[in-house]
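Report on the structure given below.
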Amino acid sequence: MKFPFIISGLAFVTLSAHAQLNIQLTSQTENPSIRKEGGVLEVQKTLNNNGSTNVAVKVYSHVTFPDGKTFVDAIPTELYLSPGESFTDSNSMLEVPASFPRGSYSYHYSVYNQDNSQILSDSITFEKKSRIIDVAVSHDSACGTDLTGTLCWKLTDGRLYTPTPEPIYDIKDIAINSKGGCAIVGKEVKCWSNRHYRTHVQSFWKALPSAVTFTDPQKIFVAHTYDNYCAIDGGEIICWSSGKWNPGAVNTAPPKYSELKNPSRIEIGRAAACIRHDDGIDCWGAKSSPTVSDVPTFTNPTHLIVGLDYACAKGDEGVKCWGKAPASDLNAPELLPHTELRFGYPGIYSYDERGMSGWSTRPAQIGPYQMQELINPIDIDFDYGYVCALDDTGIVCGGRNNAANTVPERFKY
């Protein structure tokens with residue numbers, strides 16, 4: 001009688017009354033994981049002939065992708081084993097390139113008996129991380145985006161939800177808040193809206209205004225709490241929203257992006273947007289908010305933020321705010337060169353190594369919301385006492401409640 005069976009990762013097969021093989025594939029580490037940049041999976045392959053006759057076999061290996069497709073990493077190798085003989089490859093390495101998508105893989109090691117065509121296999125699983133391209137915080141939610149789409153979670157309890165009606169792959173850039181978002185995919189901009197309920201979040205695709213078209217979108221930005229967007233498209237700035245910012249409804253047109261020297265990100269408020277560059281600050285907005293467009297003079301501006309119907313910036317002249325109240329009454333903390341600014345609930349926040357500071361009509365206070373030390377951070381966002389950043393370890397969150405422990409494993413390198 002001939003039959004295969006597997007015990008604790010060690011597979012046996014009876015090839016005849018006199019020959020018995022067993023095969024084993026083991027990883028050098030427990031629960032192996034490959035970084036987003038790619039890497040090497042180190043394994044040990046072992047084949048034993050426990051029978052009483054010689055055996056001729058071919059050994060080979062392959063990888064099964066998360067979607068079930070198969071990749072053969074090496075051509076079959078022919079082996080001859082005498083009774084009691086073993087073959088061990090203790091330094092076998094599988095090269096996993098950065099182009100492999102995120103997900104769970106299985107690596108298979110197989111032996112094919114040339115006499116009776118029986119096949120015996122053993123396998124291990126490993127995770128491949130994906131390059132994370134964005135992290136966003138809005139109210140009490142955070143969202144991470146990698147090459148396989150976007151996933152959001154509640155910073156209060158870690159509850160997960162998908163913000164888009166269906167996954168979006170190969171995202172070039174994304175702008176997202178708790179109300180919805182837009183993503184650049186190729187030369188197309190896809191937008192959606194979200195409805196939050198007590199137990200779940202519903203998502204709907206949202207069409208762009210008919211007059212808003214793109215030729216080569218590169219970057220996209222969104223207001224923190226409003227359905228207002230701006231995108232950089234072929235050297236131009238295009239803005240739109242639910243009516244207020246559609247073409248023809250803009251009081252002041254945006255500058256030509258390609259003519260700005262070292263432009264910053266676009267900061268968007270309720271009905272106005274601004275951009276900082278080497279020669280100063282430019283603002284534009286809907287007809288309902290003309291005051292933000294009247295920008296004071298700034299020399300060497302280093303910081304900029306846009307609120308509801310006001311904006312604040314820092315230059316050689318110090319921090320100045322303009323627009324409607326309460327701009328003139330705000331108390332700004334000392335801004336360090338690397339201090340980040342965001343507008344959220346209920347106003348302007350700044351964040352650096354001192355913690356988080358809220359700007360208000362009262363004296364500014366630092367902290368107490370802090371997070372672990374970051375390693376080469378490249379992106380940061382914060383709101384409502386929560387902060388999340390993207391660094392060499394993936395997405396790291398901190399702040400109120402248990403935010404640090406809510407980050408999904410998907411976004412940890």
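Read-outs throughout are calculated quantities, based only on the coordinates presented, and are distinct from any laboratory measurement. Not measured: the values here are computed from a predicted model. Note that we place each Cβ from the backbone using ideal geometry, even for glycine, and neighbour counts take in every protein chain shown.
Details
- Each of 277, 224, 303, 200 has some number of other Cβ atoms within 10 Å of its Cβ, and from fewest to most they run 200, 277, 303, 224.
- In units of the rule-of-thumb radius 2.2 N^0.38 Å, region 4-128 shows an alpha carbon radius of gyration of 1.10.
- Three semi-axes describe the equivalent ellipsoid of region 122-234; taken as square roots of 5 times the Cα gyration tensor eigenvalues and ordered largest first, they are 25, 20, 12 Å.
- Relative contact order [Cα under 8 Å, 6+ residues apart], region 4-128, whole percent: 31
- Its Kirkwood hydrodynamic radius, worked out from the mean inverse distance over all distinct Cα pairs, puts the chain at 24.7 Å.
- Order by protection proxy (mean Cβ within 10 Å, highest first), peptides 79-91, 45-57: 45-57, 79-91
- Residue list for region 96-127, given a label point 7 angstrom along the Cα-to-Cβ vector of residue 65 and an amide N cut-off under 20 Å: 96-109, 124-127
- 59, 387 arranged by Cβ crowding within 10 Å, fewest neighbours leading: 59, 387
- Taking trypsin sites (Lys or Arg not before Pro) across region 64-171, the ones in a DSSP loop with at most 16 further Cβ atoms lying within 10 angstrom of their Cβ are 69, 131, 159.
- Counted by neighbouring Cβ atoms within 10 Å, the residues 356, 371, 93 run from fewest to most as 93, 371, 356.
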